[in-house]
Protein chains: 2
Amino acid sequence: MARVTLKTIAEAVGVSRTTVSNAFSRPDQLAPELRQRILDVAEELGYSGPDPAARTLRRGRSGVVGVLLTEELSYAFTDPYAVAFLRGLAEIAEISSTSLLLMAWPDHDSAEAAVREAIVDGFIAFCLDKDHPALEALRQRRLPYVIAGEPYLDGVPFVGVDDRAAAHTVASYLLRLGHRRLGVLHPGPAGIDLADAGSFGAVAARLAGFRDAVEEAGLSWDDVAVQHAIHSREGGRAGAARLLDLHPRPTAIIATTDLIALGALAAVHDRGLTVPDNVSVTGFDDIPAAGEAGLTTIRQPKSEKGRTVGRLLLDDGLDDAPGGGARRILMAYELITRSSTSLPPEF
Amino acid sequence: MARVTLKTIAEAVGVSRTTVSNAFSRPDQLAPELRQRILDVAEELGYSGPDPAARTLRRGRSGVVGVLLTEELSYAFTDPYAVAFLRGLAEIAEISSTSLLLMAWPDHDSAEAAVREAIVDGFIAFCLDKDHPALEALRQRRLPYVIAGEPYLDGVPFVGVDDRAAAHTVASYLLRLGHRRLGVLHPGPAGIDLADAGSFGAVAARLAGFRDAVEEAGLSWDDVAVQHAIHSREGGRAGAARLLDLHPRPTAIIATTDLIALGALAAVHDRGLTVPDNVSVTGFDDIPAAGEAGLTTIRQPKSEKGRTVGRLLLDDGLDDAPGGGARRILMAYELITRSSTSLPPEF
DNA sequence: CTTGGCTTCTGAATCAATTCAGAACTAGGA
DNA sequence: TCCTAGTTCTGAATTGATTCAGAAGCCAAG
């Protein structure tokens, strides 16, 4: 049996397709009795209502924004950072009764296809890699989109924190405490170019912020021990071990992320040393585990970030031409001092 | 300037629309050189790729399932129960690279419109009221859908816990401890009909489970003090106050939800009595606050429920005719005994 | 009696793709 | 040389609605 459409009903009732369409979408355009008769026949024939795909095709708006997270869709409900961000975004979305399409794709490469297939009015990209294929697909779709957290691309609306300034804050906090021998742990490429920090990822911006603080304190960046570390607890542990082997030993280890910092804490304990008496350690992000571990770190306003991203896309983005007045919003951050930092041991 | 479509490109290159379509969707159907030329021209003209709305209209599948929560979209990322449920659902969805459409609607009544507008292959309804307008809209869309938690509707696939059996478990736990004077708090209608528990909501099922246990213990349900309570902490407090005024006073208060039970705890303290020495209190659901308050309650497998719902819709649902082999899956539950229950005071 | 203004309804064009049967061409084997 | 098979491309139909200009009918005012 063929599917029931407007046409089926029009023929059954003996009116035009237009009239049946109006019965559903514009009740004021036809006599109430006729409308009721059409609705009755529609129900009788088992009509599902106007097909939303056809309607969207004609109308050109769907009332949905696509949200690009990582490969794993469940990440949206697992990572506390993501949950808080999405809560803020959802608060804004519901105001304009916009639905959120949490997008899934089987593997890294098919993200492109996912972006192409999504029936949405705009996108939000949450912390994608700088060279993620989805970014190119996003550009090609020519729909408005906002990037949250990472990466910053020229001409694309962006919401994040000023990583460089935040990094400056945490580093100068250590310097003010009196630390002079610093070790830095970062997951970026070995010969990362700080001159180019603006267009680089968050890692480079954070390193640049550290350097700013170091030079401001009258020290040289060359005297700082910069060590690569894989972005995981274990990576941080291994990287920190290298730093602790140096003579003289650094009195403070500055990590570019909490995860690495947590590994550094472990490495200090491995050596039989204590934090903060022998070595101070700082992180970045304030993930929940940082609080438990007493890690001094930089906190970002997670839900507020989601709300800002939502407003940027829904209030400005959808009306303007894509990339029109590309804005770059930097959220406030906060230095959270906990028990992993203190005066250097000499004092 | 008019929008760039397949036709625009076809004319620019000098081939048919079909060929351009194939260049994007079926690369094996045309010569590689021609395909490249088409792609180049498309990029040059600023083509956004095949419009997914048109494609979905023609193909009839969208790869999206709609998720109906409450009015507030941010609830999805606020309530820990919802977060856990959605995490489980997302795990299943990502396997078949299905995206989740978290749906928003401005008010209670416009839920219907939201259901009608959604471009999806199926729906999941999460804990809606028995008479929520979205349910009727869901039926009319004639797409496969699964109901999670509540309500159970004849012929609609359902995943939940066996509220009646779970309620039986908690009540007989109290009875085994020796409690004989019970008070029950529920948010349902005053004269709720237990005979009809099957088609009623979860409240009636839970009450029926309590009754089962009471009668099994050789007592009469008429001897149990059944008290209405508004579904909130305050409601539970007020309702429990009534029960505590009775002579003889109940030695145990069984609440149909944790929220009400938490109110009951407060009411006991208001009287200068202690839990569990003077009165035992039980809840239902195991919300996070229940753990903090030491409330004995029934725990449901939240993520597993989400996974089960996902499988039911994605593995079975989307292929079958809607409502075909309607299944009703009841998840395992667990009695969590904490410090709000003990032997009755006489002992 | 005509004109103007309503309300109610219709026909045809449009939205942007996909799909299917088949045309044109090339190449290879008998 | 003819027949078959394969590749590459095309035209027309199809997907299910919305939209717009306008037609028909009716009533009241001039």
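Just so it is clear, none of the values below were taken in a lab; they were calculated from the coordinates. All values derive from a computational prediction rather than experimental measurement. Virtual Cβ from ideal backbone geometry, glycine too; neighbours counted across all protein chains shown.
How big is the antiparallel share of DSSP beta bridges in chain A, given as a percent to the nearest 5?
Of those bridges, close to 10 percent are antiparallel.
Take the alpha carbon gyration tensor of region B:101-215, find the square roots of its eigenvalues, order them as a ≥ b ≥ c, and report rounded if a/c is under 1.5; if not, report prolate when a/b exceeds b/c, else oblate. Let's see the in-between values first.
On the way: a/c = 3.00, a/b = 2.56, b/c = 1.17.
In terms of gyration-tensor shape, prolate.
Does the protein assembly as shown come out rounded, prolate or oblate by the C-alpha gyration tensor, with a ≥ b ≥ c the root eigenvalues, rounded set by a/c under 1.5 and, if not, prolate when a/b is larger than b/c and oblate if not?
Here the protein assembly as shown falls in the oblate category.
If you wrap chain B's Cα atoms in a convex hull and average its projection over all directions, what's the area in nm²? Numbers along the way, then the final one.
Working: hull surface 86.9 nm².
Result: 21.7 nm².
Let me have the relative contact order for chain B, percent, based on Cα pairs under 8 Å that are six or more residues apart.
Working: 651 pairs, mean separation 60.8, N = 347.
Result for chain B is 18 percent.
Add +1 for every Lys or Arg and -1 for every Asp or Glu among the other residues with Cβ under 12 Å from the Cβ of residue A:126, and state the total.
Neighbour charge sum, excluding residue A:126 itself: -1.
So what is the relative contact order of region B:1-89, in percent, for Cα pairs below 8 Å that sit 6 or more residues apart?
Computed over region B:1-89, the figure is 21 percent.
Please give the FRET efficiency for residue B:4 paired with residue A:245, using the beta carbon to beta carbon distance and R0 = 60 Å, rounded to the nearest 0.05.
Efficiency, rounded to the nearest 0.05: 0.50.
Where Lys and Arg each count +1 and Asp and Glu each count -1, what net charge lies around residue B:24 among other residues with Cβ under 14 Å from its Cβ?
Result for the neighbourhood of residue B:24: +4.
If one computes the Cα centroid of region A:242-282 and of region A:137-181, what distance in Å separates the two points?
Between the Cα centres of region A:242-282 and region A:137-181 lies a distance of 25 Å.
For a distance above 12 Å, tell me the whole-number percent of Cα pairs in region A:144-187 that qualify.
70
Would you list A:305, B:302 from fewest to most Cβ contacts within 10 Å?
Lowest count first: B:302, A:305.
Determine the percent antiparallel among the DSSP beta bridges restricted to the protein assembly as shown, to the nearest 5.
15
Out of the GluC sites (Glu not before Pro) in region B:63-135, which ones are loop residues according to DSSP with at most 16 other C-beta atoms within 10 Å?
When the GluC sites (Glu not before Pro) of region B:63-135 are filtered for loop state and at most 16 Cβ neighbours within 10 Å, B:71, B:72 remain.
Kindly provide the helix-only [θ] at 222 nm of chain A, computed as the sum of -39,500 (n - 2.57) over DSSP H runs of four or more divided by all residues, to the nearest 500 deg cm²/dmol?
Computed mean residue ellipticity for chain A: -12500 deg cm²/dmol.
List the relative contact order of region A:1-160 as a percent without decimals, with contacts defined as Cα pairs under 8 Å and 6+ residues apart.
The value is 18 percent.
Please work out the Cα convex hull volume for region B:51-120 and give it in Å³ per residue. Could you put the intermediate results ahead of the total?
Values: hull volume 6.4 nm³, N = 70.
Convex hull of Cα atoms, per residue: 92 Å³.
Could you tell me which of rounded, prolate or oblate describes region A:182-315, using a ≥ b ≥ c as the square roots of the eigenvalues of the alpha-carbon gyration tensor, with rounded for a/c under 1.5 and, failing that, prolate when a/b is larger than b/c and oblate otherwise?
Oblate is the answer for region A:182-315, as a/c is 1.5 or above yet b/c matches or exceeds a/b.
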